[in-house]
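The values are calculated or read from the model by the stated rules, or taken from the named source; none is laboratory data. Note that this is a predicted model, so its numbers are computed, not measured. In this analysis, Cβ positions are derived from the backbone assuming ideal geometry, glycine residues included, and neighbour counts consider all displayed protein chains. Only protein heavy atoms, including side chains, enter the accessible area calculation; ligands, DNA and RNA are left aside. Shrake-Rupley method; radii C 1.70, N 1.55, O 1.52, S 1.80 Å.
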Amino acid sequence: MLKYLYLAARGTGQAFILLWDSILSLRELRKIKRPFVEQLEFFGTRSLFLVALASSFVGMVSSVQTAYQIKDYAPLDLLGMGVAKVVMMELGPVITALIVAGRVGAGMAAELGTMRITEQIDALETLGIDSIRHLILPRLLAGIIMMPLLVVLADFVSIMSSAIVSALYLDIPFSTFFSGIRMYFYPIDLFGGLLKSVAFGFLIAFVSSSFGYYAKEGAKGVGIATTQAVMYSSLFVLMADYILGVILYG
Amino acid sequence: MIEVINLKKRFGEKEVLKGVNLTIEDGEDIAILGKSGEGKSVFLKHIIGLLKPDEGSVLVDGIDITKLSKRELYQIRRSFSYVFQGAALFDSLTVFENIALPLRERAFSEREIKDRVKEALSLVDLDGIEELYPAALSGGMKKRVGLARAIVSKPRYLLYDEPTTGLDVITAWRINKLIKKINKMEGTTGILVTHDIRGALYTSDKIALLSDGVIVEIIESSRYKEAKTEKLREFLEAGGFLD
Ligand SMILES: Nc1ncnc2c1ncn2[C@@H]1O[C@H](COP(=O)(O)OP(=O)(O)OP(=O)(O)O)[C@@H](O)[C@H]1O
Ligand SMILES: [Mg+2]
């Protein structure tokens, strides 16, 4: 038990050193143009299709679920508004983040872990190249930038698929669905969700690259790092979601 | 000049280096022999600051590199190259980009980078593989590309971690010849870690034996027959150099 506490404390300490060094290396931003572009691409393309697919189902089930919940005491004209709000504030950012944690987070941890055990990280260091600047910073920046873009896509797909299901099965015409959204739309619904997604993108990139960067010897070490990266990224996303939910909407 | 003074390092309960002392003059080439797991790689990593000692110091031209900040250390590393035991090529880069990286970091022109990479590849007998990725190379080719990456920046200090281990005899001997050639170049100081006794005697001015966490004996390669300690004699015997 004590050993686990010690390991957890040490891991957290190492992670924050990593973060601090990344922040310091922001000064040398122009040196990482190439890895940064690569990471943007990696982050964006790796989960694009899955996010879109998952979001379409999220939208469809939201229609059915919301209709079931409100049909006895509110007009179905309000359904579009209800779905849009829950998607923008909560479902879009959270579902996207969980998918990204599984795809991109695992990928980051596996890639960096492999670089660690094959001494590629040491090799960078011997060349006088700051491995944190070169490997961690581009991933953190890519996470912060790409996550909101993915969430915009997720929100859009969810709301459109919800509108389609509502029109087909609940007899709510498009015009009613979207005028409901417009009537009660507050910018903070959307921007609060996007703000969350920035935090999620950062958390996933930070947690996953820490586990990879400090992976232990052997192929087994990389496996452990990858599993833990996904597990802790997802956990921290949900925790942050609650905290930010309280701050933004509480 | 590199001076290692009373270097100690432990991992948990395991004491790997127990007070290593060694001085390497400029232009001198030394081979460090030792059995598997004696701490040869750990020792070599201390010389370039990849590992920090628990005690002791490593002086490079009089500067104690164990006390330097990250930035200062990067500066010192400009005059070093390290050949990794497992090559440590960057998977995501082509052979060309792997070898070019040290030069890019030193802001060479594109033209010069092209020329130097070509030259380095031809030195290791691997012309024309610039566009391949490391995954497409055999173990021996990877090691040679690692060597090319090390020599391309023409460093003053070259550290080799078992550059011939696991290679067929022909390739291994070619690499030994190459290391000798590099070592003989003006102003380079080579530290070769190996258990290939023949390669050590052939490439280096001196051989040293690392055993049980300390340097047991250092002797000039040409006078290996005069080795005094039982341990070094055993090593030479095992390699067929003493009877
Ligand atoms: N990062 C580390 N953490 C814990 N133990 C380590 C670490 N690095 C090395 N060791 C241990 O230190 C000892 C020496 O390892 P080292 O790799 O230096 O041996 P070596 O002489 O290079 O052997 P080989 O010829 O097999 O490469 C080994 O017992 C190894 O398990
Ligand atoms: Mg070794």
Computed over chain A, protein heavy atoms only, probe 1.4 angstrom, the accessible area per residue in square angstrom equals 49 Å²
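With a cut-off of 8 Å between alpha carbons and a minimum separation of six or more residues, what is the relative contact order of chain A in percent?
32 percent
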With a 1.4 angstrom probe the carbon and sulfur portion of accessible area for the range A:2-249, in percent, totals 73 percent
Dividing the Cα radius of gyration by the Kirkwood radius, what Rg/Rh value follows for chain B?
0.96
Hey, can you rank B:2-8, A:139-145 by average C-beta count inside 10 Å, highest first?
A:139-145, B:2-8
Answer check: chain A, Cα atoms, Kirkwood Rh, Rg/Rh ratio of 1.07
Kirkwood hydrodynamic radius for the protein assembly as shown: how many Å is it when counted over pairs of different Cα atoms?
25.8 Å
Here Rg/Rh (Cα, Kirkwood) for the range A:1-150 equals 1.13
Quick one: which residues, 5+ away or cross-chain, put their amide H under 5 Å from the amide H of B:Glu217? H built at 1.01 Å from N.
B:Leu209
Under 8 Å for C-alpha pairs, at least 6 residues apart: give me the relative contact order for chain B, rounded to a whole percent.
26 percent
Pairs to check: B:Lys14/B:Lys206; B:Lys143/B:Lys181; B:Lys14/B:Lys52; B:Lys118/B:Lys181. Give those whose C-alpha atoms are more than 20 Å from each other in this structure.
B:Lys14/B:Lys206
Please compute how much accessible surface disappears when A pairs with B, both sides summed, using a 1.4 Å probe, and round it to the nearest 100 Å².
1800 Å²
HN-Hα couplings for the range A:56-67 via Karplus (6.51, -1.76, 1.60; θ = phi - 60°), in whole Hz with x for Gly/Pro, come out as 5, 6, 4, x, 5, 5, 4, 4, 4, 5, 5, 4
Just subtract the alpha-carbon distance of A:Ile224 and A:Met160 from 0.36 nm times their residue separation and send over the number in nm, one decimal.
19.1 nm
For the range B:97-167, how big is the tail of P(r) above 13 Å, as a whole percent of Cα pairs?
64 percent
Burial ranking of peptide ranges B:28-35, A:92-99 (average Cβ count within 10 Å, highest at the top):
A:92-99, B:28-35
Which whole number gives the average count of other chain Cβ atoms within 10 Å of the Cβ atoms across peptide A:123-136?
6
Bins of 10 Å, beginning at zero and ending with the bin holding the largest distance: percent of Cα pairs per bin for the range A:78-189, please.
13, 31, 21, 15, 11, 7, 1
Computed from every Cα-Cα pair in the range A:109-250, P(r) in 5 Å bins starting at 0 and rounded to whole percents is 2, 10, 13, 15, 14, 12, 10, 8, 6, 5, 3, 2, 0, 0
Where the Cα atoms of the range B:106-243 are projected onto their three principal axes, how long is each span, largest first, in whole Å?
53, 31, 25
Any chance you could check the range B:91-106 for residues losing 30 Å² or more of accessible area when the partner protein chains are in, compared with the chain on its own (1.4 Å probe)?
B:Asp91, B:Leu101, B:Glu105
On the Cα set of the range A:77-118, report Rg and Dmax in Å, please.
17.1, 59
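Give the residue list of GluC sites (Glu not before Pro) in the range B:105-168 that are DSSP loop and have at most 12 other beta-carbon atoms within 10 angstrom.
Passing sites in the range B:105-168 are B:Glu131.
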Average partner chain C-beta neighbours within 10 Å, per residue of B:82-89?
5
